[in-house]
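The values are calculated or read from the model by the stated rules, or taken from the named source; none is laboratory data. Just so it is clear, the structure is predicted and the values come from calculations on it, not from any experiment. All Cβ positions, even for glycine, are placed from backbone atoms using ideal geometry, and neighbour counts span all protein chains on display.
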Amino acid sequence: MSISKKRKEIQPEVVSASDLTVGYKDKVVWKGAHFSVKQGEFVAIIGPNGAGKTTMFRLLLGLLLPEKGTIKVFGASPRKGNSKIGYVPQRHTIDNETNIECIELIRLAQSGSRLGFSFSSVKEKKAAHEALKAVGATDLAHKSLGSLSGGELQRVFLAEALVSNPEMLLLDEPLSNLDLRRIKDLVGLVHDVVKSRNVTAFLVAHDINPLIKYLDKVIYVANGKVASGTPEEVLTSKRLTELYGTRVEVLHDSRGNIVIVGGAEDHHED
Amino acid sequence: MMLLALNIFSSLSGIFKYQFMQHAFEAGTVVAIVAGIIGYLVILRRSAFATHAFAEIGFAGAAGAVLLGVSPVLGLLSASTLGGIGIAILGNRASHRDIEIGAVLAFMLGLGVLFISLYTGYATEAYSILFGEILGISAANVLLTLVISAAILFVAALVYRPMLFASLDEEVAEAKGMRTVLLGAIFMVLLAASVAIAVQVVGVLLIFALMVIPAATAVRLTKKPLYAIVISVAIALLATWAGLLIAFFEPYPVSFFITSIVFGLYLLVRLIYRSQR
């Protein structure tokens, strides 16, 4: 089903969904979704605002139950507090008055759920430094969280997610509010982490172009429906026209960038 | 130099001959420790407004207690703790609904005024609830303050790490399966109880002097939570002790001196560290 290399074929399936419908109270967000993702794949979740991309994460995290259909994460129903999953939520702001050094946040990501008072442990500190090193942010360890730029903050959040050695990463819009160079850096970094640690990564984004050369799979959410497959399979005029139920055209430029015309208005980074 | 030290020592031992000064120091010390610690969480969780609200809800309770002839401290404690539980039940987000909290606290302050006016005794009761009257604290209230403080500190130490993590990164904490709503509720009750005991020292209207300003000063001095808590407690203690000492010799209210010391330190730290963030 995937055109990726042979090595991929023997990787176990880590997420599978069939005939999945999700919603809140009486409102259906999307329905009839089928998709599956293997260990070590880099997956983008793309679609217009409000289409239900974050809802996908809430489902994988066990914070939301499906209305219909089944979803399996690591072969079981999703559950809260799964330590195999590292999550970076979409954050609009971190208060610039938050004068706490980054290393504290990453330490707490390991021990934050334990009761009782304790002074810092050496092991915890070492793991926190290693996580920062893995995202190339050793120099940020003792900087205040509130003083970081958007790109620095995303690195620290990635380190926070990586510190517990997860097998899966869920990154919700880490690229918004970053300039083009930082977007490239971060996508490259996530790709490195995925490949070197054999981690499965889901990344929610508006614009697929900075990601496209790294992706193994795309999950496209729009118009209450979900389409998935390799970028080549999904990002075609035919598939997206089916998805939106209105005429959509996928145009390619000479450098491999794509532009989606029709459908919803906001396909470009705003 | 020796002479000065000797002088201070002899006046200190003179001060502690008075039982009311002993009581004031005992209660002031535990209150400063609690306020310094919980104050750090107030800063981290941006709950300064809720802090003020609990104080004013406590005012209605204290005034009601005066009217009924019960100890004002009991009224203070039960009203603000009930308020804490109320906000906790309404949910985490409720603590940030400024308009609703504002409406409730205005009403509570109004109720307090009614109770005070119905009470035909001394107007000084209202004055001391609003501005603090630590010098008049009774032995029974010192004991009560001690017991409540011990309970607050025990719970705070128990939930320290989850509280810190959930305050910094609520969404990730929730995804990790932590009970963030419960933690928010625990915080509200801790805050309400801390406010109730701190009101005895600085009063309803000057509650920020102990519950907010020391911690606000501390977070400008260090990026490590533990150090910030230690500094916050140190500032609250210093201000309380110095305030009590000065008030012993000068005919002005203790709460004025405490507020002035914490405010002075806050200004100083802001000026010095303005460009170093």
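Conditions tested, residue by residue: (1) assigned by TED's automatic domain parsing to the domain that holds A:Pro48; (2) free of Cβ contacts under 8 Å to residues at least 12 places away in the same chain.
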residue: A:Asn209; (1), (2): yes, no
residue: A:Asp216; (1), (2): yes, no
residue: A:Ile219; (1), (2): yes, no
residue: A:Gly224; (1), (2): yes, no
residue: A:Thr230; (1), (2): yes, no
residue: A:Leu240; (1), (2): no, no
residue: A:Val248; (1), (2): no, no
residue: A:His252; (1), (2): no, yes
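Just one of B:Ile89, B:Ile8, B:Ile33 is at pLDDT 90 or above, surrounded by fewer than 23 Cβ atoms within 10 Å (Cβ to Cβ) and of a type outside the set (D, E, K, R); which is it?
Sole residue among the options that is at pLDDT 90 or above, surrounded by fewer than 23 Cβ atoms within 10 Å (Cβ to Cβ) and of a type outside the set (D, E, K, R): B:Ile33.
Select, from B:Gly184, B:Gly177, the only residue that is out of contact with any strand residue (DSSP E or B) (no Cβ under 8 Å at 6 or more places or on another chain), surrounded by fewer than 24 Cβ atoms within 10 Å (Cβ to Cβ), under 16 Å from B:Arg46 (Cβ atoms) and not hydrophobic (A, V, I, L, M, F, W, C).
Exactly one residue qualifies, and that residue is B:Gly184.
Out of segment A:89-109, which residues are within 20 Å of A:Glu124 (Cβ to Cβ) and either at the interface with another protein chain (Cβ under 8 Å from one of its Cβ atoms) or exposed (fewer than 15 other Cβ atoms within 10 Å of the Cβ) (or both)?
A:Ile100, A:Glu101, A:Glu104, A:Leu105, A:Leu108, A:Ala109
Among the residues of segment A:47-62, how many are in contact with a helix residue (DSSP H, G or I) (Cβ under 7 Å, 6 or more places away or on another chain) and either acidic (Asp, Glu) or more than 10 Å from chain B (Cβ to nearest Cβ) (or both)?
1
Checking A:Met168 against (1) under 23 Å from B:Lys224 (Cα atoms); (2) in contact with a Ser or Thr (Cβ under 6 Å, 6 or more places away or on another chain): exactly one of these is not met. Which one?
Single failed check for A:Met168: (1).
Looking for something crowded, with 18+ Cβ neighbours inside 10 Å and not in a helix (DSSP H, G or I) - is there at least one such residue anywhere in segment A:114-134?
No, the conditions are met nowhere in segment A:114-134.
Quick check on my filter: what residues within segment B:197-238 are part of a loop (DSSP other than H, G, I, E, B) and of a type in the set (Val, Ile, Thr)?
Listed by number, the residues that qualify are B:Val204, B:Ile207, B:Val212, B:Val219, B:Thr222.
Return the only residue of B:Leu191, B:Leu205, B:Leu164 being touching a residue at least 60 places away in the same chain (Cβ under 8 Å), within 10 Å of chain A (Cβ to nearest Cβ) and not charged (D, E, K, R).
So the residue among B:Leu191, B:Leu205, B:Leu164 that is touching a residue at least 60 places away in the same chain (Cβ under 8 Å), within 10 Å of chain A (Cβ to nearest Cβ) and not charged (D, E, K, R) is B:Leu164.
Determine whether segment B:258-266 contains at least one residue that is within 18 Å of B:Leu44 (Cβ to Cβ) and at pLDDT 90 or above.
Yes: segment B:258-266 contains one or more residues that are within 18 Å of B:Leu44 (Cβ to Cβ) and at pLDDT 90 or above.
In this structure, does B:Ala198 turn out to be closer than 13 Å to B:Gly28 by Cβ and of a type in the set (Gly, Ala, Ser)?
yes
Quick check: anything in segment B:249-262 over 27 Å from B:Ile101 (Cβ atoms) and aliphatic (A, V, I, L, M)?
yes
Taking segment B:36-49, which residues are in a helix (DSSP H, G or I), more than 12 Å from the chain's Cα centre (by Cα) and buried (at least 24 other Cβ atoms within 10 Å of the Cβ)?
Within segment B:36-49, B:Ile43 is the sole residue that qualifies.
Over 24 Å from A:Phe74 (Cα atoms) and either surrounded by 23 or more Cβ atoms within 10 Å (Cβ to Cβ) or within 11 Å of chain B (Cβ to nearest Cβ) (or both), is that true of A:Asn177?
Answer is no for this residue.
Looking only at helices (runs of 4 or more DSSP H) that lie completely in segment A:137-236, which have at least 1 residues being among the basic types (Lys, Arg)?
The qualifying helices (runs of 4 or more DSSP H) are A:150-162, A:180-197.
Just give me the residues in segment A:63-87 being more than 8 Å from every other protein chain (Cβ to nearest Cβ), outside any strand (DSSP E or B) and under 19 Å from A:Ala33 (Cβ atoms), in sequence order.
Scanning segment A:63-87 gives A:Leu64, A:Leu65, A:Pro66, A:Glu67, A:Phe74, A:Gly75, A:Ser77, A:Pro78.
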